[in-house]
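Q: Pasting a structure below so you can have a look.
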Amino acid sequence: MNVFDVLESRGFIAQVTDRDAVRELLGKPGATFYIGFDPTADSLHVGHFLQLVVMAHMQRAGHRPIALLGTGTAMVGDPSGKTDMRRMLTQEQIQHNAECFRSQMARLVDFTDGRALMPDNAEWLLKLNYVEFLREIGSCFSVNRMLAAECFKSRLETGLSFLEFNYMPMQSYDFLHLFRTYGCRLQLGGDDQWSNILGGTELIRKKEGVDAFGLTFRLLTTSEGKKMGKTEKGAVWLDPEKTSPFDFYQYWRNIDDADVANCLRLLTFLPLEEIAELTDRKDESINQAKKVLAREVTALVHGAEKADEALRLAEDLFEKGGRSGSMPTTTLSEADLAKGVQLVDLLVATGLAPSKGEARRLVQQGGVFVNEAPAGDVARTVGTADLTGDEIVLRKGKKSWHRIVVG
(Lines give C-alpha, C1' and ligand atoms only; values in the text may rest on other atoms or scores of the structure.)
Protein backbone atom coordinates (compact mmCIF):
# COMPACT_ATOMS: atom_id res chain seq x y z
CA MET A 1 0.00 0.00 0.00
CA ASN A 2 1.29 3.48 -0.90
CA VAL A 3 2.46 5.19 2.30
CA PHE A 4 0.68 8.36 1.15
CA ASP A 5 -2.58 6.43 1.42
CA VAL A 6 -1.53 5.11 4.84
CA LEU A 7 -0.90 8.62 6.12
CA GLU A 8 -4.12 9.90 4.60
CA SER A 9 -6.25 7.08 5.98
CA ARG A 10 -4.84 7.59 9.48
CA GLY A 11 -5.61 11.31 9.37
CA PHE A 12 -2.10 12.79 9.22
CA ILE A 13 -2.24 14.89 6.07
CA ALA A 14 -3.23 18.55 6.31
CA GLN A 15 -1.83 20.18 3.14
CA VAL A 16 0.23 19.02 0.18
CA THR A 17 1.73 21.05 -2.64
CA ASP A 18 0.77 18.61 -5.40
CA ARG A 19 -1.23 15.62 -4.22
CA ASP A 20 -0.89 13.50 -7.34
CA ALA A 21 2.84 14.16 -7.74
CA VAL A 22 3.61 13.41 -4.10
CA ARG A 23 1.51 10.25 -4.16
CA GLU A 24 3.37 9.12 -7.29
CA LEU A 25 6.75 9.93 -5.69
CA LEU A 26 5.87 7.79 -2.66
CA GLY A 27 4.36 4.98 -4.72
CA LYS A 28 7.65 3.12 -4.95
CA PRO A 29 10.49 2.84 -2.41
CA GLY A 30 13.52 5.08 -2.52
CA ALA A 31 12.29 8.65 -2.05
CA THR A 32 14.42 10.85 0.22
CA PHE A 33 12.49 13.25 2.46
CA TYR A 34 13.29 15.44 5.42
CA ILE A 35 11.82 16.87 8.60
CA GLY A 36 13.63 19.58 10.54
CA PHE A 37 14.01 19.66 14.33
CA ASP A 38 15.36 22.82 15.92
CA PRO A 39 16.96 21.85 19.28
CA THR A 40 15.56 24.72 21.34
CA ALA A 41 15.05 22.49 24.42
CA ASP A 42 16.95 19.54 25.89
CA SER A 43 14.19 17.06 25.02
CA LEU A 44 11.69 16.33 22.30
CA HIS A 45 8.02 16.60 23.28
CA VAL A 46 4.84 14.85 22.15
CA GLY A 47 4.44 17.19 19.17
CA HIS A 48 7.81 15.99 17.89
CA PHE A 49 6.75 12.42 18.63
CA LEU A 50 3.98 12.66 16.03
CA GLN A 51 6.58 13.73 13.47
CA LEU A 52 8.77 10.76 14.36
CA VAL A 53 5.81 8.42 13.88
CA VAL A 54 5.32 9.87 10.38
CA MET A 55 9.01 9.37 9.70
CA ALA A 56 8.77 5.76 10.87
CA HIS A 57 5.77 5.08 8.59
CA MET A 58 7.76 6.48 5.66
CA GLN A 59 10.88 4.47 6.50
CA ARG A 60 8.88 1.25 6.85
CA ALA A 61 7.59 1.87 3.33
CA GLY A 62 11.15 1.94 2.00
CA HIS A 63 11.86 5.67 1.90
CA ARG A 64 14.94 7.37 3.33
CA PRO A 65 14.39 9.88 6.15
CA ILE A 66 16.59 12.86 6.88
CA ALA A 67 16.11 14.10 10.44
CA LEU A 68 17.71 17.51 10.07
CA LEU A 69 19.08 18.91 13.32
CA GLY A 70 18.57 22.66 13.14
CA THR A 71 21.52 23.77 15.24
CA GLY A 72 22.04 26.63 12.80
CA THR A 73 18.41 27.75 12.49
CA ALA A 74 17.99 27.40 16.28
CA MET A 75 20.38 30.31 16.64
CA VAL A 76 17.81 32.48 14.86
CA GLY A 77 14.51 31.03 16.06
CA ASP A 78 11.40 30.12 14.09
CA PRO A 79 8.65 32.76 14.61
CA SER A 80 5.93 30.28 13.57
CA GLY A 81 3.31 29.85 16.28
CA LYS A 82 5.05 32.26 18.66
CA THR A 83 3.68 35.56 20.00
CA ASP A 84 7.14 36.90 20.81
CA MET A 85 10.77 36.18 20.04
CA ARG A 86 12.22 32.91 21.31
CA ARG A 87 14.86 32.95 24.04
CA MET A 88 18.35 33.21 22.57
CA LEU A 89 20.47 30.11 23.19
CA THR A 90 24.25 29.74 23.15
CA GLN A 91 25.93 27.38 20.71
CA GLU A 92 26.87 25.15 23.66
CA GLN A 93 23.25 24.90 24.80
CA ILE A 94 22.07 24.14 21.26
CA GLN A 95 24.68 21.40 20.77
CA HIS A 96 23.75 19.82 24.11
CA ASN A 97 20.08 19.83 23.12
CA ALA A 98 20.93 18.27 19.75
CA GLU A 99 22.72 15.37 21.45
CA CYS A 100 19.61 14.74 23.55
CA PHE A 101 17.49 14.69 20.37
CA ARG A 102 19.75 12.13 18.72
CA SER A 103 19.20 9.40 21.29
CA GLN A 104 15.43 10.01 21.48
CA MET A 105 14.94 9.89 17.70
CA ALA A 106 16.69 6.52 17.48
CA ARG A 107 13.78 4.98 19.40
CA LEU A 108 11.54 5.16 16.34
CA VAL A 109 13.83 5.68 13.36
CA ASP A 110 16.61 3.31 12.24
CA PHE A 111 19.78 5.30 11.54
CA THR A 112 22.07 2.30 11.06
CA ASP A 113 23.96 1.78 7.79
CA GLY A 114 22.59 4.94 6.16
CA ARG A 115 18.94 3.87 6.44
CA ALA A 116 18.26 7.36 7.77
CA LEU A 117 20.46 10.44 7.96
CA MET A 118 20.88 13.06 10.67
CA PRO A 119 22.86 16.01 9.30
CA ASP A 120 23.31 19.26 11.17
CA ASN A 121 22.48 22.49 9.34
CA ALA A 122 25.13 24.43 11.25
CA GLU A 123 27.58 22.62 8.96
CA TRP A 124 26.54 24.82 6.05
CA LEU A 125 24.61 27.75 7.55
CA LEU A 126 27.42 28.96 9.82
CA LYS A 127 29.84 28.99 6.89
CA LEU A 128 27.71 31.26 4.72
CA ASN A 129 28.94 34.68 3.65
CA TYR A 130 26.02 36.96 4.44
CA VAL A 131 26.32 39.23 1.40
CA GLU A 132 26.70 36.24 -0.93
CA PHE A 133 23.68 34.61 0.76
CA LEU A 134 21.60 37.75 0.22
CA ARG A 135 22.58 37.92 -3.45
CA GLU A 136 22.07 34.21 -4.21
CA ILE A 137 19.15 33.35 -1.93
CA GLY A 138 17.61 36.59 -0.64
CA SER A 139 16.97 37.81 -4.18
CA CYS A 140 14.57 34.86 -4.67
CA PHE A 141 12.19 36.02 -1.92
CA SER A 142 9.46 38.64 -2.17
CA VAL A 143 9.09 40.64 1.05
CA ASN A 144 5.42 41.24 0.23
CA ARG A 145 4.78 37.49 -0.03
CA MET A 146 6.76 36.78 3.12
CA LEU A 147 4.75 39.32 5.13
CA ALA A 148 1.54 37.69 3.88
CA ALA A 149 2.67 34.31 5.23
CA GLU A 150 0.88 33.30 8.42
CA CYS A 151 4.12 32.77 10.36
CA PHE A 152 5.01 36.45 9.87
CA LYS A 153 1.57 38.04 9.54
CA SER A 154 0.51 36.94 13.01
CA ARG A 155 3.58 38.65 14.48
CA LEU A 156 3.32 42.06 12.85
CA GLU A 157 1.22 43.56 15.66
CA THR A 158 3.32 42.21 18.54
CA GLY A 159 6.63 42.76 16.77
CA LEU A 160 8.83 40.77 14.41
CA SER A 161 12.60 41.08 14.70
CA PHE A 162 14.85 41.26 11.65
CA LEU A 163 16.66 38.24 13.09
CA GLU A 164 13.49 36.12 12.83
CA PHE A 165 12.73 37.52 9.38
CA ASN A 166 15.79 35.61 8.16
CA TYR A 167 14.37 32.27 9.29
CA MET A 168 12.32 31.45 6.17
CA PRO A 169 15.20 32.01 3.70
CA MET A 170 17.50 29.95 5.95
CA GLN A 171 15.07 27.02 6.19
CA SER A 172 14.46 27.24 2.45
CA TYR A 173 18.21 27.11 1.87
CA ASP A 174 18.30 23.92 3.99
CA PHE A 175 15.89 22.29 1.53
CA LEU A 176 18.00 23.46 -1.42
CA HIS A 177 21.17 22.12 0.20
CA LEU A 178 19.56 18.74 0.97
CA PHE A 179 18.27 18.54 -2.60
CA ARG A 180 21.72 19.23 -4.01
CA THR A 181 23.51 16.91 -1.58
CA TYR A 182 21.12 13.98 -1.13
CA GLY A 183 18.52 14.34 -3.90
CA CYS A 184 15.86 15.22 -1.32
CA ARG A 185 12.67 16.40 -3.06
CA LEU A 186 10.13 16.29 -0.25
CA GLN A 187 9.90 18.22 3.00
CA LEU A 188 7.43 17.23 5.71
CA GLY A 189 6.41 19.15 8.80
CA GLY A 190 3.60 20.29 11.04
CA ASP A 191 0.94 22.46 9.47
CA ASP A 192 2.43 25.56 11.12
CA GLN A 193 5.43 25.08 8.79
CA TRP A 194 3.45 25.42 5.56
CA SER A 195 4.80 28.87 4.63
CA ASN A 196 8.41 27.86 5.33
CA ILE A 197 8.02 24.68 3.28
CA LEU A 198 6.57 26.59 0.33
CA GLY A 199 9.59 28.90 0.48
CA GLY A 200 11.88 25.90 0.03
CA THR A 201 9.95 24.38 -2.88
CA GLU A 202 9.93 27.74 -4.67
CA LEU A 203 13.66 28.24 -4.08
CA ILE A 204 14.51 24.84 -5.57
CA ARG A 205 12.33 25.57 -8.58
CA LYS A 206 14.03 28.94 -9.16
CA LYS A 207 17.61 27.79 -8.59
CA GLU A 208 17.49 24.25 -10.02
CA GLY A 209 14.54 24.30 -12.40
CA VAL A 210 12.96 21.14 -10.93
CA ASP A 211 9.89 20.43 -8.85
CA ALA A 212 10.22 19.77 -5.14
CA PHE A 213 7.28 19.10 -2.87
CA GLY A 214 5.93 19.77 0.58
CA LEU A 215 3.47 17.97 2.79
CA THR A 216 2.22 19.02 6.20
CA PHE A 217 0.43 16.96 8.80
CA ARG A 218 -2.09 17.94 11.38
CA LEU A 219 -0.90 19.31 14.69
CA LEU A 220 -1.75 17.10 17.65
CA THR A 221 -4.91 18.69 19.03
CA THR A 222 -7.95 17.67 21.04
CA SER A 223 -11.41 17.33 19.54
CA GLU A 224 -11.96 20.93 20.70
CA GLY A 225 -8.94 22.16 18.74
CA LYS A 226 -6.61 22.69 21.71
CA LYS A 227 -2.99 21.65 21.33
CA MET A 228 -2.19 18.43 23.19
CA GLY A 229 0.90 17.76 25.25
CA LYS A 230 0.48 20.24 28.09
CA THR A 231 -0.19 19.48 31.75
CA GLU A 232 -0.23 21.50 34.96
CA LYS A 233 3.47 20.67 35.27
CA GLY A 234 4.22 21.91 31.74
CA ALA A 235 5.02 20.09 28.50
CA VAL A 236 4.87 16.30 28.15
CA TRP A 237 8.49 15.47 27.32
CA LEU A 238 10.04 12.31 25.89
CA ASP A 239 12.95 12.51 28.35
CA PRO A 240 12.12 10.26 31.35
CA GLU A 241 13.94 12.69 33.67
CA LYS A 242 11.57 15.49 32.66
CA THR A 243 8.36 13.45 32.35
CA SER A 244 8.53 10.08 34.09
CA PRO A 245 7.29 6.99 32.21
CA PHE A 246 4.44 6.76 34.74
CA ASP A 247 3.37 10.40 34.24
CA PHE A 248 3.73 9.92 30.48
CA TYR A 249 1.51 6.84 30.63
CA GLN A 250 -1.04 8.64 32.79
CA TYR A 251 -1.25 11.57 30.37
CA TRP A 252 -2.54 9.29 27.62
CA ARG A 253 -4.60 7.18 30.01
CA ASN A 254 -6.53 10.29 31.09
CA ILE A 255 -7.27 11.98 27.76
CA ASP A 256 -10.88 12.73 26.85
CA ASP A 257 -12.95 9.89 25.40
CA ALA A 258 -13.45 11.89 22.20
CA ASP A 259 -9.69 11.97 21.51
CA VAL A 260 -8.86 8.29 21.93
CA ALA A 261 -9.51 7.09 18.37
CA ASN A 262 -7.59 9.98 16.82
CA CYS A 263 -4.56 9.44 19.09
CA LEU A 264 -4.55 5.71 18.37
CA ARG A 265 -4.48 6.42 14.62
CA LEU A 266 -1.79 9.11 14.83
CA LEU A 267 0.48 7.87 17.61
CA THR A 268 0.48 4.07 17.32
CA PHE A 269 1.05 1.55 14.55
CA LEU A 270 -1.99 -0.56 15.38
CA PRO A 271 -4.06 -1.55 12.32
CA LEU A 272 -7.05 0.68 11.66
CA GLU A 273 -9.40 -2.31 11.97
CA GLU A 274 -8.14 -2.97 15.50
CA ILE A 275 -8.46 0.71 16.39
CA ALA A 276 -12.04 0.78 15.13
CA GLU A 277 -12.88 -2.26 17.23
CA LEU A 278 -11.24 -0.75 20.32
CA THR A 279 -12.99 2.59 20.03
CA ASP A 280 -16.44 1.37 19.03
CA ARG A 281 -17.31 1.41 22.71
CA LYS A 282 -19.20 3.65 25.09
CA ASP A 283 -18.96 4.69 28.72
CA GLU A 284 -16.63 2.60 30.89
CA SER A 285 -15.52 0.24 28.12
CA ILE A 286 -13.62 3.08 26.41
CA ASN A 287 -11.16 2.82 29.29
CA GLN A 288 -9.71 -0.33 27.74
CA ALA A 289 -8.94 1.64 24.58
CA LYS A 290 -7.25 4.31 26.72
CA LYS A 291 -5.12 1.66 28.39
CA VAL A 292 -4.06 0.30 25.02
CA LEU A 293 -3.20 3.81 23.80
CA ALA A 294 -1.20 4.66 26.92
CA ARG A 295 0.67 1.37 26.88
CA GLU A 296 1.48 1.53 23.14
CA VAL A 297 2.73 5.12 23.17
CA THR A 298 4.74 4.64 26.37
CA ALA A 299 6.35 1.50 24.92
CA LEU A 300 7.39 3.37 21.76
CA VAL A 301 9.01 6.15 23.79
CA HIS A 302 10.34 4.35 26.89
CA GLY A 303 10.34 0.67 25.96
CA ALA A 304 7.97 -2.22 26.71
CA GLU A 305 9.35 -2.87 30.20
CA LYS A 306 8.74 0.70 31.41
CA ALA A 307 5.31 0.72 29.76
CA ASP A 308 4.24 -2.48 31.49
CA GLU A 309 5.56 -1.18 34.81
CA ALA A 310 3.56 2.04 34.41
CA LEU A 311 0.43 0.07 33.50
CA ARG A 312 0.78 -2.16 36.59
CA LEU A 313 1.37 0.80 38.87
CA ALA A 314 -1.65 2.65 37.48
CA GLU A 315 -3.87 -0.41 37.96
CA ASP A 316 -2.62 -0.89 41.51
CA LEU A 317 -3.16 2.74 42.43
CA PHE A 318 -6.46 3.44 40.74
CA GLU A 319 -8.18 0.07 40.40
CA LYS A 320 -6.96 -1.95 43.38
CA GLY A 321 -7.40 0.34 46.34
CA GLY A 322 -4.26 2.38 45.97
CA ARG A 323 -1.77 -0.17 47.31
CA SER A 324 1.32 -0.81 45.23
CA GLY A 325 4.87 -1.86 45.83
CA SER A 326 5.81 0.40 42.92
CA MET A 327 4.24 3.62 44.17
CA PRO A 328 6.59 6.48 45.17
CA THR A 329 7.98 5.72 48.62
CA THR A 330 9.67 7.64 51.42
CA THR A 331 11.38 5.89 54.33
CA LEU A 332 11.19 7.32 57.87
CA SER A 333 13.00 6.05 60.94
CA GLU A 334 11.15 4.46 63.82
CA ALA A 335 12.34 7.32 66.03
CA ASP A 336 10.84 9.96 63.72
CA LEU A 337 7.50 8.14 63.57
CA ALA A 338 7.50 7.62 67.33
CA LYS A 339 7.90 11.40 67.86
CA GLY A 340 5.42 12.20 65.08
CA VAL A 341 6.06 14.18 61.90
CA GLN A 342 4.05 17.25 60.96
CA LEU A 343 1.79 16.34 58.02
CA VAL A 344 2.53 19.66 56.34
CA ASP A 345 6.28 18.93 56.46
CA LEU A 346 5.69 15.40 55.16
CA LEU A 347 3.67 16.63 52.19
CA VAL A 348 6.57 18.86 51.15
CA ALA A 349 9.20 16.16 51.79
CA THR A 350 7.34 13.64 49.61
CA GLY A 351 6.76 16.13 46.81
CA LEU A 352 2.98 16.03 47.17
CA ALA A 353 3.08 19.79 47.82
CA PRO A 354 5.68 22.30 46.59
CA SER A 355 5.61 24.40 49.77
CA LYS A 356 4.25 24.47 53.30
CA GLY A 357 1.75 27.13 52.32
CA GLU A 358 0.39 24.97 49.51
CA ALA A 359 0.36 21.95 51.85
CA ARG A 360 -1.74 23.85 54.39
CA ARG A 361 -4.15 24.95 51.68
CA LEU A 362 -4.56 21.37 50.43
CA VAL A 363 -5.30 20.07 53.92
CA GLN A 364 -7.73 22.91 54.69
CA GLN A 365 -9.62 22.25 51.46
CA GLY A 366 -9.97 18.53 52.22
CA GLY A 367 -7.60 17.40 49.48
CA VAL A 368 -5.26 15.28 51.63
CA PHE A 369 -5.94 11.80 52.96
CA VAL A 370 -4.01 9.57 55.37
CA ASN A 371 -4.81 5.91 54.78
CA GLU A 372 -7.95 7.03 52.90
CA ALA A 373 -9.20 9.12 55.85
CA PRO A 374 -9.40 12.91 55.45
CA ALA A 375 -6.39 14.54 57.08
CA GLY A 376 -8.54 17.14 58.83
CA ASP A 377 -6.39 19.56 60.84
CA VAL A 378 -3.35 21.36 59.38
CA ALA A 379 -1.60 20.78 62.71
CA ARG A 380 -1.99 17.01 62.36
CA THR A 381 1.06 14.81 62.86
CA VAL A 382 1.73 11.44 61.27
CA GLY A 383 3.18 8.78 63.53
CA THR A 384 3.34 5.17 64.61
CA ALA A 385 -0.40 5.05 65.31
CA ASP A 386 -1.07 5.65 61.59
CA LEU A 387 0.81 2.57 60.44
CA THR A 388 -1.28 0.03 58.57
CA GLY A 389 0.91 -3.02 58.64
CA ASP A 390 4.31 -1.55 57.80
CA GLU A 391 3.19 1.49 55.81
CA ILE A 392 1.23 4.74 55.75
CA VAL A 393 -0.34 5.87 52.48
CA LEU A 394 -0.82 9.57 51.76
CA ARG A 395 -3.10 10.72 48.96
CA LYS A 396 -3.47 14.17 47.40
CA GLY A 397 -6.66 14.61 45.42
CA LYS A 398 -7.74 11.62 43.38
CA LYS A 399 -4.56 10.58 41.60
CA SER A 400 -1.41 11.43 43.58
CA TRP A 401 -0.23 8.78 46.07
CA HIS A 402 2.83 8.34 48.27
CA ARG A 403 3.79 5.55 50.62
CA ILE A 404 5.64 6.02 53.92
CA VAL A 405 7.54 3.00 55.24
CA VAL A 406 9.66 2.41 58.34
CA GLY A 407 13.37 1.94 57.78
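The values are calculated or read from the model by the stated rules, or taken from the named source; none is laboratory data. Just so it is clear, the model here is predicted, and its values are computed rather than measured. Cβ atoms come from the backbone with ideal geometry, glycine included; neighbour counts cover every protein chain shown. Remember, those area values only see protein heavy atoms, side chains included, never the ligands or the DNA or RNA. Shrake-Rupley method; radii C 1.70, N 1.55, O 1.52, S 1.80 Å.
Q: Volume per residue, Å³, of the convex hull around the alpha-carbon atoms of the chain?
A: 172 Å³
Q: Sorted by accessible area (1.4 Å probe), largest first, how do MET327, MET118 line up?
A: Per-residue accessible area, sorted high to low, gives MET118, MET327.
Q: What are the ³J(HN,Hα) values, in whole Hz, obtained from phi via the Karplus relation 6.51 cos²θ - 1.76 cosθ + 1.60 with θ = phi - 60°, for each residue of segment 161-168 in sequence order, with x given for Gly and Pro?
A: These are the phi-based 3J(HN,Hα) values: 6, 5, 4, 5, 4, 7, 5, 4 Hz.
Q: Next question, about the same structure. So for each of 171-184, 216-229 I average, over its residues, the number of other beta carbons within 10 Å; can you give me the resulting order with the highest mean first?
A: Going by the mean number of other Cβ atoms within 10 Å, highest first, we get 171-184, 216-229.
Q: Moving on. How do ASP280, ASP377, ASP38, ASP336 rank by accessible surface area computed with a 1.4 Å probe, from largest to smallest?
A: ASP280, ASP377, ASP336, ASP38
Q: Continuing with this model, one more query. List the residues, sorted by chain then number, that are 5 or more residues from LEU117 or on another chain and whose placed amide H is less than 5 Å from its amide H.
A: Those lying under 5 Å, H to H, from LEU117 are ILE66, ALA67.
Q: Ordered by residue, what ³J(HN,Hα) values in Hz, to whole numbers, does segment 89-105 give under the Karplus form 6.51 cos²θ - 1.76 cosθ + 1.60, where θ = phi - 60° and Gly and Pro are x?
A: Coupling constants for segment 89-105: 10, 7, 4, 5, 4, 5, 5, 4, 4, 4, 5, 5, 4, 4, 5, 6, 5 Hz.
Q: Based on the mean of other Cβ atoms within 10 Å per residue, sort peptides 44-55, 301-312, 238-249 so the most packed one is first.
A: In decreasing order of mean packing, 44-55, 301-312, 238-249 become 44-55, 238-249, 301-312.
Q: If we restrict to alpha carbons, what Rg and Dmax does segment 25-76 come to, in Å?
A: 12.6, 37
Q: Could you tell me whether segment 220-365 comes out rounded, prolate or oblate from its Cα gyration tensor? Rule is a ≥ b ≥ c as square roots of the eigenvalues, rounded for a/c under 1.5, then prolate if a/b exceeds b/c, otherwise oblate.
A: Prolate, since a/c reaches 1.5 and a/b exceeds b/c.
Q: I'd like the FRET efficiency for ASP20 and LYS127, computed as 1/(1 + (r/R0)^6) with the beta carbon distance as r and R0 of 45 Å, rounded to 0.05. Show your work: numbers first, answer last.
A: Numbers: r = 38 Å, r/R0 = 0.84.
The formula returns an efficiency of 0.75 here.
Q: When the helices in the chain are scored as -39500 (n - 2.57) per DSSP H run of 4 or longer and the sum is shared across all residues, what 222 nm value do you end up with, to the nearest 500 deg cm²/dmol?
A: Details: 19 runs with 180 residues, N = 407.
Calculated mean residue ellipticity at 222 nm is -12500 deg cm²/dmol.
Q: How big is the accessible area of ILE255 in square angstrom, nearest 10, if you roll a 1.4 angstrom probe over the protein chains?
A: Counting only protein heavy atoms, ILE255 exposes about 10 Å² to solvent.
Q: Now for a separate question. What's the carbon and sulfur percent of segment 200-298's accessible surface, probe 1.4 angstrom, rounded to a whole number?
A: Heavy-atom surface of segment 200-298 belonging to carbon and sulfur, 1.4 Å probe: 44 percent.
Q: In a shell of Cβ-Cβ distance under 11 Å around PHE33, excluding PHE33 itself, what net charge do Lys and Arg (+1) and Asp and Glu (-1) give? Don't jump to the answer; show the numbers that get you there.
A: Working: positive: ARG64, ARG185; negative: none.
My count for the surroundings of PHE33 gives +2.
Q: Order these peptides, 107-115, 58-66, by their mean beta-carbon neighbour count within 10 angstrom, highest first.
A: For the peptides 107-115, 58-66, the packing ranking is 58-66, 107-115.
Q: Pull up all non-local amide H partners of ASP239: gap of 5 or more, or a different chain, and H-to-H distance under 5 Å with H placed in the peptide plane.
A: For ASP239, whose amide H was placed from the backbone, the distant partners under 5 Å are LEU44.
Q: Which entries in LYS28/LYS306; LYS207/LYS227; LYS28/LYS227; LYS226/LYS398 show an alpha-carbon gap greater than 31 Å?
A: Where the Cα-Cα span goes over 31 Å, the pairs concerned are LYS28/LYS306; LYS207/LYS227; LYS28/LYS227.
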